[in-house]
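The values are calculated or read from the model by the stated rules, or taken from the named source; none is laboratory data. Being a predicted model, the structure only gives us computed values, none of them experimental. Positions of Cβ are generated from backbone atoms using ideal geometry, with glycine treated the same way; all protein chains shown enter the neighbour counts.
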Amino acid sequence: MSAALSTAAAHSEATVGPAPRPWWALPPLLYPVKVGALVGLYYGSAKLGYTFGFAGPVAAIVWLPVGVAVSGLSLFGLALWPGVLAGDLLSNDYSALPLGAALGQTCGNMLEVLVAAWLIRRLLQRGRPLRSLPGVAHVVGALALGTAISAVVGPVSLALAGVVKADSLFEVARTWWLGDLCGALVVVPLAIAWWPLPWRRPTVDRRLVEGALLLVVVATLAEIAAHSHQPVAYLLFPALIWAAVRFGAQGATLAVAVAVSITVWATTHYEGPFVVGSSSHSVVNTQVFVAVAAVSSLCLAALVAERELFAERLGESRAELYRAAETERRRIEHALHDGAQQRLLALGLRLHLAGVRAASPSDSLSFFNAESQLQAALDELRELSHGTHPSVLSELGLAGAIATVAARSTIPVTLHELPDAPCGDVAEATAYYVVSEGITNAMKHSRAATIEVRLAATSGTLSVEIGDDGIGGASEYAGSGLRGLRERVKEAGGTFVVSSPAGRGTRLAATVPAGT
Amino acid sequence: VTPPVTVLLVDDSPVFLEAAAEVVASTPGFELAATGTSGEEAVELAASLRPELVLVDQRMPGMTGVEAADRIRLSAPSTVIVILTADSGSHLTQVDFPVLSKRQFGSTGLAELWRRHGSAR
């Protein structure tokens with residue numbers, strides 16, 4: 001079976017994806033659909049901004065279309081740029097802007113989106129940027145750079161057309177840049193973190209309940225902050241931290257989106273902690289808050305992802321160390337058995353022969369004494385060798401070794417499905433220890449009438465189950481045999497489950513990855 | 001005078017094999033028919049030489065002692081087969097053949113072994 005598995009694995013590795021489309025071929029049918037969807041989303045988010053007062057004809061608090069466009073081009077290819085162009089041309093307010101200024105502004109927006117999307121695509125090709133701090137820094141940098149282009153080109157073309165006065169150019173550019181950056185910071189990480197969408201129907205479990213509760217808390221705190229006349233926007237941060245720590249980048253981006261929507265809505269309706277004096281000040285206050293909330297949440301989520309990755313790698317390297325140690329133990333046991341042990345056994349035979357053949361009884365005695373000393377040395381050697389790797393496994397294989405343990409049990413043992421093919425040193429040694437320790441425990445504590453042992457080798461794992469019909473109530477405490485078994489199984493990279501309800505027997509189940 | 005008991009000795013360790021062969025050769029009433037170094041060789045030699053006593057090591061690369069013994073018994077049921085082990089032999093209690101620890105090979109003696117298992121044929 002293992003041969004069949006490895007063939008299947010090799011086959012799937014050899015399978016290659018569809019050949020890349022040559023440059024001269026027509027774009028696939030899906031292309032116009034994607035472009036059309038992007039136009040709709042771009043135009044829709046721009047209209048949303050105007051309708052709810054997030055944005056005026058000149059600048060927005062949070063300009064969502066840039067986020068939509070960068071996300072679309074980052075995830076589905078730069079070739080979708082006509083969608084952005086069409087969406088931008090449709091969204092321009094031609095009644096408030098001269099045509100030249102509007103077109104200049106559109107050029108800046110296109111360049112902004114293309115540069116940011118090109119940079120984000122490079123990051124996405126290298127891995128998952130939101131799962132590391134350098135990745136988050138690169139994403140923020142790419143968005144800041146891209147949006148800076150639009151924030152220079154747009155206001156300058158407005159100034160040339162006379163819509164913006166030269167002395168307010170800096171302020172317009174700053175608001176423009178922060179508005180675009182905030183839109184990108186809210187939407188792009190949200191899209192990266194959630195694409196591809198988890199289409200499967202969510203199961204109602206504790207995690208889903210916690211996620212829903214989290215969103216309710218974020219929304220509630222944002223509402224409280226928005227309706228308070230005190231500067232209490234910091235109230236949101238515990239909830240944002242909760243989102244990042246418990247739900248990673250997905251939770252962080254969603255929570256930020258909810259919080260930002262409510263906060264911006266409030267500011268545009270002259271409510272909340274950021275409304276101070278002039279509307280220009282209110283806008284900057286809100287923008288800085290949005291940027292800080294988004295970037296800190298992303299950083300925290302990245303830290304959490306890094307920590308999880310470290311934990312996973314630590315576990316892997318721990319398992320790797322254990323495997324290496326087990327292999328080395330087996331090598332030592334084999335070397336002792338084939339080398340020193342045989343040599344000493346032969347020496348013992350020769351000493352015995354010499355004792356038999358000796359001319360005088362005293363010479364004979366000396367030889368026999370030497371022989372018994374040698375036997376003691378052999379005993380010590382064997383103990384040492386046994387401590388390293390159960391030699392019964394080397395001699396009889398897993399099935400034979402387990403049958404031997406079962407035969408020594410004072411409680412009758414029924415064996416089911418012993419695997420006849422080798423499952424790898426580590427897996428076999430672990431399974432052997434589980435069975436022998438389990439039977440020993442049952443003989444000592446369970447008062448059982450029968451023990452059942454089941455082994456199954458399936459698709460790269462070896463599972464062992466040992467159950468008895470005794471009094472149950474086995475407990476796992478530091479230093480107990482069960483704790484030792486759990487450690488051993490864990491070190492072999494497996495899982496270990498104990499179930500021992502009082503009066504209903506004890507059942508141990510271990511599953512370990514099988515090697516070769 | 002009864003003819004000597006012919007012995008086939010099989011072990012993958014040449015060092016032990018040499019010492020054990022010397023024990024057989026120096027025991028009156030026994031004669032070393034051949035030595036082999038693997039289970040496969042044990043089966044072949046037992047079929048061609050028909051020894052009365054086969055001493056075969058359990059742990060060898062390839063065919064184990066018990067596997068070889070099973071085959072020898074099929075082809076020559078009257079052969080007395082003893083499994084040798086470097087360990088105490090306590091883990092081979094389920095085996096259908098007499099088991100002798102290699103440590104006792106000298107002190108137990110071939111004659112004792114033959115009296116225990118050979119005379120019952």
Checklist entry - Tell me, which helices (runs of 4 or more DSSP H) lie completely within segment B:13-121 with 2 or more residues that are within 13 Å of another protein chain (Cβ to nearest Cβ) and farther than 18 Å from residue A:371 by Cβ? => result B:14-25, B:65-75
Checklist entry - Right, residue A:155: assigned to a loop (DSSP other than H, G, I, E, B), farther than 20 Å from residue A:119 by Cβ and out of contact with any Lys or Arg (no Cβ under 6 Å at 6 or more places or on another chain) or not? => result no
Item to check | Residue count for segment A:461-495, restricted to those that are surrounded by 16 or more Cβ atoms within 10 Å (Cβ to Cβ) and either assigned to a loop (DSSP other than H, G, I, E, B) or without any contact (Cβ under 8 Å) to a residue 40 or more places away in the chain (or both) | outcome: 10
Checklist entry - Do we have any residue at all in segment A:439-452 that's in a strand (DSSP E or B) and buried (at least 17 other Cβ atoms within 10 Å of the Cβ)? => result yes
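Conditions (1) touching a Phe, Trp or Tyr at 6+ places or on another chain (Cβ under 8 Å); (2) farther than 26 Å from residue A:171 by Cα; (3) of a type in the set (Phe, Trp, Tyr); (4) free of Cβ contacts under 8 Å to residues at least 40 places away in the same chain, marked per residue:
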{"residue": "A:249", "(1), (2), (3), (4)": "no, yes, no, no"}
{"residue": "A:262", "(1), (2), (3), (4)": "no, no, no, no"}
{"residue": "A:265", "(1), (2), (3), (4)": "yes, no, yes, no"}
{"residue": "A:269", "(1), (2), (3), (4)": "no, no, no, no"}
{"residue": "A:276", "(1), (2), (3), (4)": "no, no, no, yes"}
{"residue": "A:282", "(1), (2), (3), (4)": "yes, no, no, yes"}
{"residue": "A:291", "(1), (2), (3), (4)": "no, no, no, no"}
{"residue": "A:297", "(1), (2), (3), (4)": "no, yes, no, no"}
Next on the checklist: Pull out all pairs, ordered by first then second residue, where Cβ-Cβ is under 9 Å, the residues are six or more apart or on different chains, the first lies in segment A:106-122 and is within 16 Å of residue A:135 (Cβ to Cβ) and without any contact (Cβ under 8 Å) to a residue 40 or more places away in the chain, and the second is in a helix (DSSP H, G or I) and small (Gly, Ala, Ser).
Outcome noted: A:119/A:74; A:119/A:141; A:119/A:142; A:119/A:146; A:122/A:142
Checklist entry - If you take the residues in segment B:1-12 that are among the hydrophobic types (A, V, I, L, M, F, W, C) and under 13 Å from the mean Cα position of the chain (by Cα), which one is nearest to the other protein chains (Cβ to nearest Cβ)? => result B:9
Checklist entry - Based on what the data block shows, is residue A:228 over 18 Å from residue A:216 (Cβ atoms), surrounded by fewer than 24 Cβ atoms within 10 Å (Cβ to Cβ) and either at pLDDT 80 or above or in contact with a strand residue (DSSP E or B) (Cβ under 8 Å, 6 or more places away or on another chain) (or both)? => result yes
Checklist entry - Is it the case that segment A:381-399 has a residue that's within 39 Å of the chain's Cα centre (by Cα), part of a strand (DSSP E or B), surrounded by fewer than 22 Cβ atoms within 10 Å (Cβ to Cβ) and touching a residue at least 12 places away in the same chain (Cβ under 8 Å)? => result no
Item to check | Filtered residues of segment A:186-207 (kept if out of contact with any Leu (no Cβ under 6 Å at 6 or more places or on another chain) and either modelled with pLDDT under 90 or small (Gly, Ala, Ser) (or both)) | outcome: A:191, A:196, A:197, A:198, A:199, A:200, A:201, A:203, A:204, A:205, A:206, A:207
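In segment A:411-443, what residues are of a type in the set (Ser, Thr, Tyr) and within 14 Å of chain B (Cβ to nearest Cβ)?
Across segment A:411-443, the qualifying residues are A:432, A:436.
Condition check ((1) aliphatic (A, V, I, L, M); (2) closer than 24 Å to residue A:128 by Cβ; (3) at pLDDT 90 or above) across all residues:
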position	(1), (2), (3)
A:245	yes, yes, yes
A:253	no, yes, yes
A:263	no, no, no
A:274	no, no, no
A:294	yes, yes, yes
A:300	yes, yes, yes
A:317	no, yes, no
Next on the checklist: For segment A:361-410, give me each residue that is within 11 Å of chain B (Cβ to nearest Cβ), polar (S, T, N, Q) and more than 18 Å from residue A:429 (Cα to Cα).
Outcome noted: A:372, A:375
Item to check | Among the candidates B:31, B:22, residue that is at pLDDT below 95, in contact with a strand residue (DSSP E or B) (Cβ under 7 Å, 6 or more places away or on another chain) and under 20 Å from residue A:346 (Cα atoms) | outcome: B:31
Item to check | Scan of segment A:315-349 for residues that are more than 14 Å from chain B (Cβ to nearest Cβ) and small (Gly, Ala, Ser), ordered by number | outcome: A:315, A:317, A:319, A:324, A:325
Checklist entry - Just checking, which of A:427, A:510, A:457 is buried (at least 19 other Cβ atoms within 10 Å of the Cβ), part of a helix (DSSP H, G or I) and not polar (S, T, N, Q)? => result A:427
